[in-house]
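Report on the following structure.
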Amino acid sequence: MSWINRLLGSFRKDRLEDQLDDELQFHIEMRTQEFVASGMLPEEARHKASRLFGNQTLLKERTREMDTIGWIETLWQDLRYALRLLRKSPGFTAVAVLSLALGIGANTAVFSMLDTLLLTKLPVRDPDGLYQLVVTHRSATHNSFAYTDYQKLRDGFDTFDGVIAWTTSSFEIQINNVPEEVRGAFVTGAFYEVLGVKPALGRLFVPSDDTVAGASVAVLGYSYWERTFARDPNVIGKVVHIEGLPFTVIGVTPREFAGAEVDYPRDVTVPVQAIKRLQPKSNMLESTGSYWLRVMVRLKPGITMKSARPVLRDLWPKLLEDDGARPIDGWTQKLNIEPGGMGVSGVRNEFSEALIILMTLVALVLLIACANIANLLLARATVRRREVAVRIALGAGRTRLVRQWLTESLVLASLGGFAGVMLAHWITQGLLLFLPKGGAGFLAFHLDIRMLLFAAALTTATALIFGLLPSLQVANLPPGSAMNESVRGSSGRRRTLLARGVVIAQVAVCLVLVTGALLFARSLQNLARSDYGFQREGLLLVNANPAKGGFKGDRASFFYKDFLSSLDATPAIRSASCAFITPLAGGMWWDPAVVPGYTPARNEMTTVYLNSVSPRYFATMGTPVLVGREFTDADDRTTRRVAIVNESFARRFFHGDAVGRNFTVGDGKDDDQDTVNLEIVGVVANTKYGQPREKQKELVYIAMYQGKRGASGTIQVRLAPDINPDAASGEIRKIAGRIGKEVPIEVQTYDKLFKRVLQQDRMVALLSGFFGLLGITLAFVGLYGVMAYAVNARTGEIGIRMALGAQSRTVIWMILKDSLTLASWGAIIGVPVALVASRFIASYLFGVTPSDPNALVLAVLTILIVAMLAGYLPGRRASSLDPMIALRSE
Amino acid sequence: MSKGNPDVLQGTLDLLILKTLARGPQHGYGIACHIQEVSDEVLRVEEGSLYPALHRIEQAGWISSEWGTSHNNRRAKYYRLTAVGRKQLAREEENWSQLTRAVAKVLRFA
């Protein structure tokens, strides 16, 4: 293999050179002997023998070329040269490598999160052939189904090649009498078969396991097996106790597969039918109104997502009709199909947009950092002009010079990239602090070939961005020019122009970054301060689980009634109530309204959103009752069904005059439904329902104690003024303990829930603020560098001006003006870019338009202040120069 | 063999080197002397062409080299024909005779 020899030869040049010398030396000596034998003098003979070779150096070079690969040899040279140079200026190297490491590290970290979230397929057979079923309604989508729905989907459609369903749940598992809370899942029998997951050990479920009789088997997750059983192969056949009931372990899933819900890697799975054993009294498997399963399908060959859609849409309502009347919160909407190859992830739904914004931010910061390094390299190029000129004069090729300078940039970038990959893990850990705990663990940094390729590509790109300008400048140096100091002016101005261009671009990018950060900060502030129609301060939320404490069925209502009246009687509590849905917590319940006398236009949706609330709910929430009354304890099953609507509802359907009118929500097939034939007894102020950003919805409240469901949901507690929430929650626990000792209770402030609601916005605002600040700092360094260089270059001129009587103020202003000019150009370019860019985040803003003039003006002002600072410091130094010394400097 | 069409001449030089080495291992000086002698001093291999050619042919794998001792007890680099080189030599000899036959025909015709 000749090229391997030559490759090796490229690195063993010295030895090759010695050998060649020996070889030629032998030849010369032999010739010399020959000539001496033919009668020449030894001296003359040696001379003649040598001359036969002509230019010996050239011969040697040509011969050596045969043994080596030329460009590798020069690359090797360039690399060593670059490293030597970087070692010689440790300050520059440290700053450049550190900023690149942070930049590349942050980009790699965010990319790894995006990769996991948006690009990683489930480790199953043909992940692209997996689809998730969802129910869409207007723009809202949900993916929960009843078990009966799953049965219909499995048996009623020819479209599907396989249908699976599952739900996640935490299990209390007992091994050797030690209880542990683990992540579990109920899966249908064909779950693993349809996904095409092969066991790491034993076997996985088959449909026959998923029967009431067979559902006493369990499959362990790999990491759980590793953690708890130290990968003991004898675990197969072992009996573990889940919620106190025995299950036999039959297999272990492979390491890479931890369930179809990627942010909930589960430890143990059991068949869906096991729910009958674990909760004997529940009717989860028969109820048509409990939506608790996620459903995924594979399509029959030849059927695409597109061709399946109309079938699903048409067939689904027909199948549902068999159920007869749907319960009040029937999701009788369109069945739809979505790609499912990446599995299901709540974190993905919630945070992918934020991560894309974050990716853009870190890319911009890296760009700004590159600009600084480009400027530093440009400055070095000027310093090394003499060296370059000498080399050009000695005949160095220009491409060779460019290559050498680019090699230097590449070495610098590689050092930064290498350190960045090292840092990426820590940066990811830092970013994860902004995401919900536990759920985002799967986003932790993973170093694989894709990450390395990304980091390498980024490194090369940065090297080109900051290295190309300086190296091209080197190549354009006219030969001999730099040897002659007097022409320094012209090429100095050239470099200054380049550096100024770089700084202007840097300021423009920085402006975009700062504008974005200001818009996000403003949005967060608006979100936090906005009035959502109720008072958030002094509000506690209590979640109770009366069923676990023995209050089952109708007795749960007794618990709630007792609990609420005891709370009301407590001096520290002004009032307490209960609601099925807590505002802004994300829960939803909707159906179309049928209002007598109101004929909807064609295609007009009359969807309204519902809540079931107890008496004193509006008093507790602090939502004003505008007309009529709240629910009272008298509104129970013995009296006629009443409703309270919000202002928007009253205005849309009754022109505001709603009290005393009747309407129905839902299909109204069954007179007995909770939402049929409601009489409006009150109108309340508008409140937000599901989330802060939604358009005002038409809301209907029904009386909790009239409903068949009875009391359930979350308890709201309004504290009396000046009551400490912690003290109050202790008291609330005590009261709950008196009523039902065993009932588990969770108390939190509404503010805590609200914080979680704003979590993503806070993450974006904080991180964009941080990166904005970083961008400003980098832009300041860039501007300062250029200004300081300008002062240096103009020392002579400044000296003359001062000698002629210029005031130091004038000198400072001269430099300041220069810096402000650069920043202004940056702003002139940056403002339109920011205006365009901010349109992409419009959906993300709240209470502020993308083209908000305040944000833009503030961003421009920030940039100008930074520019003034960056100009003032070198300006002041210039003004304190001694004119005589300054004049002599030239 | 200094001036002229380098492609033809280079190929010719390769052929001469390979043919010389077919007799047995030899160092660069020996190869040059042999070609000169056998051709009755008509062909003189220039040192400036010989060594680059030797190194190139070696990288092509036709010859291999090792350090040995010459008859006057000096360290010298000996080149040896490899199996691949032997085949290459046969090919080049064939090419060469075809070429000379063709040139001869042209000369006769004219």
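Worth a mention:
- A:ALA94 of a type in the set (A, V, I, L, M, F, W, C) and surrounded by 15 or more Cβ atoms within 10 Å (Cβ to Cβ): no
- Subset tally (residues that are assigned to a helix (DSSP H, G or I) and not small (Gly, Ala, Ser)) for the range A:841-856: 4
- Of residues in the range A:698-732 being of a type in the set (A, V, I, L, M) and in a helix (DSSP H, G or I), the one farthest from A:VAL681 (Cα to Cα): A:ALA727
- Taken over the range B:42-61, the residue count meeting the criterion of being over 13 Å from the mean Cα position of the chain (by Cα) and either within 7 Å of chain A (Cβ to nearest Cβ) or closer than 14 Å to B:THR20 by Cα (or both) is 4.
- The residue list B:HIS34, B:HIS27 contains one member that is within 9 Å of chain A (Cβ to nearest Cβ), modelled with pLDDT of 85 or more and under 22 Å from A:GLU29 (Cβ atoms), which is B:HIS27.
- Residue that is over 21 Å from A:SER557 (Cα atoms) and polar (S, T, N, Q), where the choices are A:THR632, A:THR664: A:THR664
- Against the list (1) part of a loop (DSSP other than H, G, I, E, B); (2) modelled with pLDDT under 85, the condition A:TYR532 fails is (2).
- Set side by side, the residues A:LYS695, A:LYS708 differ, and just one is within 37 Å of the chain's Cα centre (by Cα), loosely packed, with under 13 Cβ neighbours inside 10 Å and on the phi < 0 side of the Ramachandran plot, which is A:LYS695.
- Qualifying residue in the range B:87-110 (condition: within 11 Å of chain A (Cβ to nearest Cβ), surrounded by 11 or more Cβ atoms within 10 Å (Cβ to Cβ), out of contact with any Ser or Thr (no Cβ under 9 Å at 6 or more places or on another chain) and over 18 Å from A:ASP21 (Cα atoms)): no
- Considering the range B:71-82, the residues that are within 20 Å of the chain's Cα centre (by Cα) and not aliphatic (A, V, I, L, M) include one that is nearest to the other protein chains (Cβ to nearest Cβ), namely B:LYS77.
- When each of A:THR116, A:THR108 is tested for being modelled with pLDDT of 90 or more and within 30 Å of A:PHE466 (Cβ to Cβ), the lone residue that passes is A:THR108.
- Candidates in the range A:20-64 are the residues that are aliphatic (A, V, I, L, M) and loosely packed, with under 13 Cβ neighbours inside 10 Å; of these, the one that is farthest from the other protein chains (Cβ to nearest Cβ) is A:LEU41.
- Leading residue by the ranking (farthest from A:ALA505 (Cα to Cα)) among those in the range A:730-789 that are among the acidic types (Asp, Glu) and within 29 Å of the chain's Cα centre (by Cα): A:ASP751
- Checking each residue in the range A:80-92 for being out of contact with any Asp or Glu (no Cβ under 7 Å at 6 or more places or on another chain), more than 14 Å from A:ARG400 (Cβ to Cβ) and assigned to a helix (DSSP H, G or I) picks out A:ARG80, A:LEU83, A:ARG84, A:LEU86, A:ARG87, A:LYS88, A:PRO90, A:GLY91, A:PHE92.
- Pairs where the first residue, in the range A:755-770, is under 23 Å from A:GLU537 (Cβ atoms) and in contact (Cβ under 8 Å) with a residue 12 or more places away in the chain and the second is assigned to a helix (DSSP H, G or I) and basic (Lys, Arg), C-beta under 9 Å, 6+ apart: A:ARG762/A:LYS755; A:ALA765/A:ARG522
- Of all residues in the range A:251-310, exactly one satisfies the criterion of being closer than 27 Å to A:MET342 by Cβ, in contact (Cβ under 8 Å) with a residue 24 or more places away in the chain, assigned to a helix (DSSP H, G or I) and not hydrophobic (A, V, I, L, M, F, W, C), namely A:ARG309.
- Test set (1) modelled with pLDDT under 90; (2) of a type outside the set (Lys, Arg); (3) over 28 Å from A:ALA371 (Cα atoms); (4) surrounded by 15 or more Cβ atoms within 10 Å (Cβ to Cβ) - A:GLY785 fails condition number: (3)
- Some residue of the range A:815-824 being assigned to a helix (DSSP H, G or I) and farther than 15 Å from A:ALA870 by Cβ: no
- Those strands (runs of 3 or more DSSP E) of the range A:107-175 in which at least 2 residues are touching a residue at least 12 places away in the same chain (Cβ under 8 Å) and over 23 Å from the mean Cα position of the chain (by Cα), considering only elements entirely within it, cover A:130-137, A:160-175.
- In the range A:183-217, the residues that are surrounded by fewer than 20 Cβ atoms within 10 Å (Cβ to Cβ) and under 31 Å from the mean Cα position of the chain (by Cα): A:GLY196
- Only one entry of A:ARG616, A:ARG574, A:ARG640, A:ARG536 meets the criterion of being of a type in the set (Lys, Arg) and without any contact (Cβ under 8 Å) to a residue 40 or more places away in the chain, and that entry is A:ARG640.
- Filter result for A:THR675 (of a type in the set (Ser, Thr, Tyr), at pLDDT 95 or above and either closer than 17 Å to A:GLY586 by Cα or crowded, with 18+ Cβ neighbours inside 10 Å (or both)): no
- In the range B:62-110, the residues that are small (Gly, Ala, Ser) and over 14 Å from B:LEU21 (Cα atoms): B:GLY68, B:SER70, B:ALA76, B:SER97, B:ALA102, B:ALA104, B:ALA110
- Residues of the range A:58-95 satisfying the condition of being small (Gly, Ala, Ser) and at pLDDT below 80: A:GLY70
- Condition check for A:SER2: modelled with pLDDT under 85, surrounded by 18 or more Cβ atoms within 10 Å (Cβ to Cβ) and more than 22 Å from B:ALA76 (Cα to Cα): no
The values are calculated or read from the model by the stated rules, or taken from the named source; none is laboratory data. What you see is a predicted model; the values in this text were computed from it and never measured. Note that we place each Cβ from the backbone using ideal geometry, even for glycine, and neighbour counts take in every protein chain shown.
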